[in-house]
Amino acid sequence: MSKPKVLVTRRWPDAVEARLKALYDVTLNESDVPMTAEQMRQALKDYDAFCPTVSDKVDASVLDVAGARTRIIASYGVGYSHIDTEAAKKAGFVVTNTPEVLSECTADLAITLMLMAARRAGEGEREVRAGNWTGWRPTHMIGTKVSGGTFGVLGFGRIGREAAKRAHGGFGMKVIYFDPFPVKPELAAETGAEKRDTIEEVLRESDVVSLHMPGGKDNYHLINAERLKMMKPTAILVNSARGEVIDGKALAEALKAGTIKGAGLDVFEGEPRIEPSLLECENAVLLPHLGSATQATREAMGWRVMENLEAFFAGQAPRDRVA
Ligand code: DGY
């Protein structure tokens with residue numbers, strides 16, 4: 001029997017690519033250049049499985065192919081707002097993601113962003129590298145103490161809860177959260193997290209607000225000018241979720257006006273483009289979508305895609321089906 005034909009849209013860790021080669025008739029993207037919409041459409045006609053990442057916009061126009069050969073879209077990453085799952089469902093594609101395996105590393109990065117923004121680590125590094133540091137002094141580059149503060153989580157799923165564990169266990173922070181879905185009491189109890197009924201309550205009470213909800217149209221610009229005004233002027237906003245959750249222009253204005261103290265951002269609407277006014281904000285820490293970027297996690301994400309492919313081609317239900 002011939003092996004299923006699999007297309008991978010970007011470079012993946014070597015060990016995972018080697019295993020894919022052993023098991024499938026796989027086409028890898030050696031150049032790592034993102035595919036165009038037309039190339040993705042063609043891939044859906046030519047391959048049994050299509051494996052995109054967050055950098056591929058698999059929208060309705062891409063999915064609208066006559067005579068598709070692809071039956072499974074096995075995405076590398078937990079978030080799947082880059083795929084129009086409604087259109088995929090309608091067109092008969094199975095869609096899978098890679099949850100769980102990246103929760104710890106993404107939460108680690110949320111805490112990195114919190115500390116960098118609160119302790120002005122980006123600004124400090126820039127000062128040292130520019131040769132502008134004139135030495136220790138009591139009033140130099142004063143930041144914000146996070147220990148003992150309130151850590152507000154919007155989206156209390158796996159990654160939000162991991163971030164809460166770190167904030168609570170590592171920094172003695174009180175955890176409050178809002179999630180539109182019910183959270184099992186034992187999961188909230190791990191950090192003594194208190195539920196709030198609205199986003200606004202979390203914004204008003206928190207010293208650090210960390211975003212962990214999915215992207216896509218439901219949460220588009222959830223954090224806008226009006227909501228930024230509800231935050232404490234001393235507060236830090238952290239986003240390791242999806243860029244479109246924040247109105248970038250409104251955030252830059254809030255950072256410049258002192259509406260909030262600082263922000264730590266790992267994701268951006270329309271990335272890798274960055275809202276130009278955010279680049280002008282010294283009090284914003286900007287990282288290039290590094291949440292899951294550790295060797296162990298990037299490999300684990302690949303193994304999880306392979307698990308989904310193996311189940312699918314064995315005629316079983318893939319574990320991480322989202323559409
Ligand atoms: C994901 O998996 O959704 C991340 O954003 C990529 O690390």
- Query: Of all residues in region 160-174, which are within 16 Å of Glu100 (Cα to Cα) and aliphatic (A, V, I, L, M)?
  - Reply: Ala163, Ala164
- Task: Would you be able to tell me the number of residues in region 219-244 that are within 21 Å of Thr98 (Cα to Cα) and either without any contact (Cβ under 8 Å) to a residue 12 or more places away in the chain or hydrophobic (A, V, I, L, M, F, W, C) (or both)?
- Result: 1
- Residues being touching a helix residue (DSSP H, G or I) at 6+ places or on another chain (Cβ under 9 Å) and in a helix (DSSP H, G or I) - total across region 202-251: 13
- Note on the structure: Looking across region 26-41 at residues that are more than 25 Å from the chain's Cα centre (by Cα) and β-branched (Val, Ile, Thr), the single one that is surrounded by the most Cβ atoms within 10 Å (Cβ to Cβ) is Val26
- Taking the options Leu113, Leu102, Leu109, name whichever one is in contact with a strand residue (DSSP E or B) (Cβ under 8 Å, 6 or more places away or on another chain) and either more than 30 Å from Gly67 (Cβ to Cβ) or of a type in the set (Lys, Arg) (or both). Leu113
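To keep it simple, each residue is scored yes or no on (1) closer than 18 Å to Leu109 by Cα; (2) open to solvent by 20 Å² or more (accessible area, probe 1.4 Å).
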| residue | (1), (2) |
| --- | --- |
| Ala193 | no, no |
| Glu201 | no, yes |
| Arg204 | no, yes |
| His212 | yes, yes |
| Lys232 | no, yes |
| Glu244 | no, yes |
| Lys249 | no, yes |
- In region 309-323, anything away from the ligand (no atom under 12 Å from the Cβ) and not in a helix (DSSP H, G or I) is listed as Ala314, Gly315, Gln316, Ala317, Pro318, Arg319, Arg321, Ala323
- Out of all the residues in region 3-20, which are in contact with an Asp or Glu (Cβ under 7 Å, 6 or more places away or on another chain) and open to solvent by 60 Å² or more (accessible area, probe 1.4 Å)? Lys3, Arg11
- Message: Here's a check for you: in region 289-308, which residue that is touching a Pro at 6+ places or on another chain (Cβ under 9 Å), of a type outside the set (D, E, K, R) and away from the ligand (no atom under 11 Å from the Cβ) is farthest from Ala49 (Cα to Cα)?
- Response: Gln295
- Odd one out for Leu23, checked against (1) open to solvent by 60 Å² or more (accessible area, probe 1.4 Å); (2) over 30 Å from Gly155 (Cα atoms): (1)
- Task: Return the residue satisfying two criteria in turn: it lies in region 233-255 and is farther than 19 Å from Met116 by Cβ and away from the ligand (no atom under 16 Å from the Cβ), and of such residues it is nearest to the chain's Cα centre (by Cα).
- Result: Asp247
- Take Lys184 and decide whether it is without any contact (Cβ under 8 Å) to a residue 12 or more places away in the chain, more than 24 Å from Leu279 (Cβ to Cβ) and either open to solvent by 80 Å² or more (accessible area, probe 1.4 Å) or within 16 Å of the ligand (Cβ to nearest atom) (or both). yes
- Task: List the number of the failed condition for Val285; all other conditions in (1) hydrophobic (A, V, I, L, M, F, W, C); (2) within 11 Å of Tyr76 (Cβ to Cβ); (3) crowded, with 20+ Cβ neighbours inside 10 Å hold.
- Result: (2)
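The values are calculated or read from the model by the stated rules, or taken from the named source; none is laboratory data. Only a predicted model underlies this, so the values are computations on that prediction, with no experimental measurement involved. Because the Cβ atoms are built from the backbone with ideal geometry, glycine has one as well, and the counts that use them run over all protein chains shown. Surface areas here come from the heavy atoms of the whole protein model, side chains and all, with no ligands, DNA or RNA. Shrake-Rupley method; radii C 1.70, N 1.55, O 1.52, S 1.80 Å.
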